[in-house]
Amino acid sequence: MKEPIKSKVLVTAILVFIIASAIPIYLRAQVNQVQNNAVPPLYEMVPSGKFFYASPEDFAPPHQVDVYLVGWEGCHVALSDAWPLYIIMSAYGNLSYTFASSNPYRPFPNTTGLIFLNYTPYEPDEPVHFYYIYMYNKWLNATPNGTPIPKGELQTVGAEELEHFLPTPLYQLVMHYQMDAVFDNTSEPLAILKGHIVTVLIITGPKGTYMAYGPLYNILPLKNANGTYIMQNLYNKKAVPYIWQGVQVIENVIEEAAGSQMNISFMS
């Protein structure tokens with residue numbers, strides 16, 4: 001009888017030793033996993049004219065990618081981004097718009113583009129949803145509805161609009177890049193440098209959040225262009241190849257943010 005008891009004791013001791021040895025390894029693995037999945041240090045300097053990985057956080061509902069255009073009515077970036085966005089998002093909903101041109105006294109003056117008036121998804125469960133917000137009018141002296149903005153209050157008014165419009169965690173992330181980060185080769189935060197909240201295109205989904213500042217393609221052909229002509233030829237890639245370069249850039253990031261599980265694909 002003593003031999004089986006000794007064997008049981010020995011087995012128990014071995015198991016206790018194995019478990020005790022495994023616990024630190026398990027805990028280290030858990031710590032490493034948390035560290036690997038934690039939000040990485042946010043960019044202190046961001047590129048212009050291309051997307052960057054802003055956060056691993058997903059600010060969209062499950063199994064959905066959300067696209068946000070945050071801009072103002074006289075901005076060459078917001079207006080030029082609207083052309084490829086119209087092509088892409090028309091596959092997921094109805095868009096209404098008006099033609100517009102950028103502020104003639106700002107960079108890239110008189111750039112022809114679109115200002116969105118309404119977006120309605122075809123179905124509530126569309127895999128890609130689109131949102132837009134215009135913080136200022138064409139002249140940067142009032143809101144789009146005509147409410148005057150006192151001198152020096154553009155950043156405050158823009159931030160208030162974003163806080164009202166965006167989910168709180170996404171608003172905080174956007175404001176970090178507006179008030180803390182700087183463009184390549186500049187020394188001041190974006191919103192401080194420009195004196196107002198800067199146009200940004202945001203794509204967020206299961207694989208994280210991406211942002212882009214600045215034109216995503218060559219927008220020089222849009223200067224003083226005829227908006228009606230462009231819209232009539234928008235799906236002719238030979239007529240407006242530069243816009244389709246923007247389409248490809250945005251679609252690639254939507255697919256990247258979606259990940260393989262959502263299986264989003266485009267016809268372009």
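Between N263 and E57, what is the FRET efficiency for a Förster distance of 22 Å, r being their Cβ-Cβ separation, to the nearest 0.05? Please list the in-between numbers first.
Details: r = 22 Å, r/R0 = 0.99.
Efficiency computed from Cβ-Cβ geometry: 0.50.
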For region 204-259, the percent of accessible surface on carbon and sulfur atoms (probe 1.4 angstrom, ligands and nucleic acids excluded) is 50
Computed on Cα atoms, the radius of gyration and Dmax of region 88-239 in angstrom are 16.7, 45
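Given contacts defined as C-alpha pairs under 8 Å and at least six residues apart, what's the relative contact order of region 39-133, whole-number percent? If you can, show how the numbers build up before the last one.
Working: 147 pairs, mean separation 29.6, N = 95.
Value for region 39-133: 31 percent.
Sort H76, H196, H164 from largest to smallest accessible area, using a 1.4 Å probe on the heavy atoms of the protein chains.
Working: H76 30, H196 10, H164 165 Å².
Correct descending sequence by accessible area is H164, H76, H196.
Could you give the dipole magnitude of region 78-165 about its Cα centre, charging the beta-carbon of Lys and Arg +1 and that of Asp and Glu -1, in debye to the nearest 20? List each step's numbers first, then the result.
On the way: 3 positive and 8 negative charges, 108 e Å.
Charge dipole, region 78-165, about its Cα centre: 520 debye, nearest 20.
Which sequence of L140, L162 reflects their accessible areas, 1.4 Å probe, from the largest down?
On the way: L140 25, L162 0 Å².
Largest accessible area first, the residues go L140, L162.
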Per the rule of 0.36 nm per residue minus the C-alpha distance, extending Q232 to H176 adds in nm 16.2 nm
Rounded to whole angstrom, the alpha-carbon centroid of region 100-134 lies from that of region 42-86 at a distance of 12
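State the extension gain, in nm to one decimal, for the chain segment bounded by S187 and N218, taking 0.36 nm per residue of separation less the distance between their alpha-carbons.
Working: separation 31, 0.36 × 31 = 11.16 nm, distance 2.53 nm.
Gain on extension, S187 to N218, equals 8.6 nm.
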As straight-line cross-link partners of K207, the qualifying aspartates and glutamates (C-alpha separation under 14 Å, not fewer than 8 residues apart within one chain) are E57, D58, D66, E255, E256
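The values are calculated or read from the model by the stated rules, or taken from the named source; none is laboratory data. Everything quoted here is computed from the prediction, not taken from an experiment. All Cβ positions, glycine included, derive from the backbone under ideal geometry; neighbour counts span all protein chains shown. Areas reflect the complete protein model, heavy atoms only, side chains present, ligands, DNA and RNA absent. Shrake-Rupley method; radii C 1.70, N 1.55, O 1.52, S 1.80 Å.
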